[in-house]
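Each value in this text was obtained by applying a stated rule to the coordinates, not by laboratory testing. None of these values were measured; they are calculated from a predicted model. Glycine gets a Cβ as well: all are built from the backbone with ideal geometry, and neighbour counts include every protein chain shown.
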Amino acid sequence: MTPPLTPDEQLEKMRRDWDERARENARHYVNTEREQWTDEQFIASGEQTVAEEILTDMGNICQGKDPKQMRVIEIGCGAGRVTRALAGVFGEVHAVDISGEMIARARSFLAGRPNAHAYQNNGVDLSVLNPHVADGSADFAFSTIVFQHIPSREVIETYVREVSRLLRPGALFKFQVQGYVEQDGIVYESTPGDTWIGVTFSDEQAVELAQKTGFEPRHRHGANQQYFWLWFFKQ
Ligand SMILES: C[S@@+](CC[C@H](N)C(=O)[O-])C[C@H]1O[C@@H](n2cnc3c(N)ncnc32)[C@H](O)[C@@H]1O
């Protein structure tokens, strides 16, 4: 039996695997709907995500604030697909990703969007944002198709705690986790070395995660499905 990875080895594996995927075909691994993406298609795909997940939900997200006055955090920005579209809506976007190769692609894709900033982080916390985003000063945080790839409950919990540190009270963290726990008799369980299938969350585990990290899990959609969306409001 292979020995379990240490937390540092696991982070190193995540970084290495995502760097390799970025070098091989970044846009495909970011959104597997297509093998090849033109710039126009990739831009439209980010705008579609924002139209579906953000523009339909502005009451929860903005809470009466002018979006152009809002500071937004994104975790796992990949090649900047969603970041670019977020920057078209909000005043300031600060995005992180574990992969330096993804961040290099995101920075070039975000040229012409001076209000969007992409940083390589350590894969577990948001300390890289400390010079740019003061504690309690962010108005909204977003993450899509990222935590569903993270094979560590501890890493996800640390990220949620970090978002809680940076958000102002009452603000929303809207994100997605892997919701498959059991499907057609198959129990989904990630293994520590697998950086494609992340740890699953049941509805109870999602509620527990919110309670441990200072959030109210006000809305949840898609429990026991692949895309389990969570609306965590900072208490
Ligand atoms: C499927 S892509 C999605 C990218 C982007 N959210 C989008 O929808 O276009 C997953 C991204 O998560 C990043 N990622 C994976 N593990 C991470 C971690 N521990 N911390 C930060 N980013 C991570 C990967 O490098 C990759 O860019």
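Okay, here's what the table says:
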quantity: Hz values of 3J(HN,Hα) by residue in segment 169-177 - Karplus curve (6.51, -1.76, 1.60), Gly and Pro given as x; calculated: x, x, 6, 9, 10, 9, 8, 10, 10
quantity: Cα shape, the chain, gyration tensor, a/c 1.5 rule; calculated: rounded
quantity: Karplus 3J(HN,Hα) series, Hz, for segment 207-220 with 6.51 cos²θ - 1.76 cosθ + 1.60 (x for Gly, Pro); calculated: 5, 4, 4, 5, 5, 6, 10, x, 10, 9, x, 5, 10, 9
quantity: Inter-site label distance for GLN235 and SER202 at 7 Å from Cα along Cβ, in nm; calculated: 2.2
quantity: Vicinal HN-Hα couplings computed from phi for segment 127-138 (Karplus, 6.51 cos²θ - 1.76 cosθ + 1.60; Hz; Gly/Pro x); calculated: 4, 4, 8, 3, x, 10, 10, 6, 3, x, 10, 8
quantity: Highest-fluctuation residue, ALA223, ALA95, ALA118 considered, GNM on the chain with Cα pairs under 10 Å; calculated: ALA223
quantity: Nonlocal amide H pairs with SER190, under 5 Å, H built at 1.01 Å; calculated: THR200
quantity: Computed magnitude of the charge dipole of the chain (debye, nearest 20; Cβ of K, R +1, Cβ of D, E -1); calculated: 780
quantity: Radius 12 Å from Cβ of ASP39, net charge of other residues (Lys, Arg +1; Asp, Glu -1); calculated: +3
quantity: Computed label-point distance, nm, for sites ASP184 and ASN130 using a 7 Å Cα→Cβ extension; calculated: 4.8
quantity: For ILE150, distant residues with modelled amide H under 5 Å away; calculated: GLY198, VAL199
quantity: Distant-in-sequence amide H partners of ALA95 (H built 1.01 Å from N, under 5 Å); calculated: GLU74, HIS117, ALA118, TYR119
